[in-house]
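The values are calculated or read from the model by the stated rules, or taken from the named source; none is laboratory data. Bear in mind the structure is a predicted one, so any value in this text is a computation, not a measurement. Ideal geometry is used to build each Cβ from the backbone, glycine not excepted, and the neighbour counts take in all protein chains shown.
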Amino acid sequence: ATPTAILVGTGRGAQLGIVIKGPEVLEDTRRADTIVLDKTGTVTTGVMALTAAYPAAGVTESELLCLAAAVESGSEHPIAAAITAGASTRLAAGAPLAASNHLPSVTGFSAHAGLGVRAIVDGLPVLAGRATWLATSDELAGHAVPEILAAHAERAEEAGQTPVFIAWDGQVRGVLVVADTVKPAAAETIARLKKMGLTPVLLTGDNERAARSVARATGIERVIAGVLPSEKVDEIKRLQEQGRTVAMAGDGVNDAAALAQADLGLAMGTGADVAIEASDLTLVSGDLRAVPDAIALSRRTLGTIK
Ligand code: ADP
Ligand code: MG
């Protein structure tokens, strides 16, 4: 393509809400045959809400909510925002029933990327996160998740939601369910991408069942779930080793390395700064429809490959 065509393409991109890092980016955009989509914050809005709370036998709902909100208060994850906000709404509504309303002291907070969080709340070690992670912790070694809680969690996952297990005093004490919403334009965008000859792949740290449910709702056939933040980049390499030219769209801190590894990285403008820095293209408003727009634009600018 002539420099003029590229300049026009870059200008047209700006009009579409797409910021292009350099002219060479259009070439990679045109060649992409696979589009990897991060789930949370990319295909879904990433704004989570607390939808249910299931205390274990002998635990009250307000106890469960108080300790969960306390341990999550140090985390910046969307799950933490859902739990702290949801707990305070539910606790305020049930205030007359709550035994004590003091503010707990939280110390020794630590976040474990893609797994969960832990802190000491009023002297009690509390954990919140994935069941598989809790099971491997020192505090919980040998304690199984109560069957009734596992059943609630499974039902939530089937519905595309995410269960968060809460444990203290060496036992799983309850499960909270958080839910996200699929972006309204997601299904239409996936259909367009497929029509353009790209294979969509959903990549997430979330559980397999929730991921499948989102994939079903949006028309994605390939799902890679339960991936740790550090492993997302390996999944991109694996696809590249299979001979694919990979575009990836993501928004999170945990997506940055994978976005940089992809042949073409597309960051949601609504996402983390490191994700934007690692990417070739930024979709300013976080509108997914800009993904096929960007690919169509580069194909028009450079002419279609034959
Ligand atoms: P995604 O790849 O979809 O953006 P993450 O890698 O951020 O997801 O998180 C993966 C999983 O790790 C979550 O679904 C959750 O089970 C667990 N997790 C991460 N952070 C937290 C937290 N603050 N509290 C509870 N669970 C968490
Ligand atoms: Mg994300």
Practice task
Return a yes/no flag: does segment 249-256 have any residue that is surrounded by fewer than 20 Cβ atoms within 10 Å (Cβ to Cβ) and under 20 Å from Asp206 (Cα atoms).
Solution key: yes
Practice task
Could you tell me whether Gly205 is in contact with a Ser or Thr (Cβ under 6 Å, 6 or more places away or on another chain), under 28 Å from Cys66 (Cβ atoms) and surrounded by 22 or more Cβ atoms within 10 Å (Cβ to Cβ)?
Solution key: no
Practice task
Kindly check whether there is at least one residue in segment 253-264 that is free of Cβ contacts under 8 Å to residues at least 24 places away in the same chain and of a type in the set (Asp, Glu).
Solution key: no
Practice task
Read through the list (1) at pLDDT 85 or above; (2) surrounded by fewer than 24 Cβ atoms within 10 Å (Cβ to Cβ); (3) part of a helix (DSSP H, G or I), then give the number of the only condition that Thr51 fails.
Solution key: (3)
Practice task
Tell me, please, whether a residue that is closer than 23 Å to Ile276 by Cα, out of contact with any strand residue (DSSP E or B) (no Cβ under 8 Å at 6 or more places or on another chain), assigned to a helix (DSSP H, G or I) and among the hydrophobic types (A, V, I, L, M, F, W, C) can be found in segment 232-249.
Solution key: yes
Exercise for the section: Could you list all residues from segment 220-231 that are in a strand (DSSP E or B) and within 14 Å of the chain's Cα centre (by Cα)? Expected result: Val223, Ile224
Handout entry: Qualifying position, being within 15 Å of ligand 2 (Cβ to nearest atom) and touching a Gly at 6+ places or on another chain (Cβ under 8 Å), among Thr301, Thr270
Key = Thr270
Problem - Boolean, Thr29 is surrounded by 17 or more Cβ atoms within 10 Å (Cβ to Cβ), modelled with pLDDT of 75 or more and of a type in the set (S, T, N, Q) - result: yes
Handout entry: Among the residues listed as Leu288, Leu264, Leu281, the single one being within 16 Å of ligand 1 (Cβ to nearest atom), of a type in the set (A, V, I, L, M), under 21 Å from Thr199 (Cβ atoms) and surrounded by 24 or more Cβ atoms within 10 Å (Cβ to Cβ)
Key = Leu288
Practice task
Give the residue that is modelled with the lowest pLDDT, with candidates limited to residues of segment 134-157 that are under 11 Å from Gln171 (Cβ atoms) and part of a helix (DSSP H, G or I).
Solution key: Leu134
Problem - Count of segment 170-212 residues which are under 28 Å from Val59 (Cβ atoms), touching a helix residue (DSSP H, G or I) at 6+ places or on another chain (Cβ under 8 Å) and among the polar types (S, T, N, Q) - result: 1
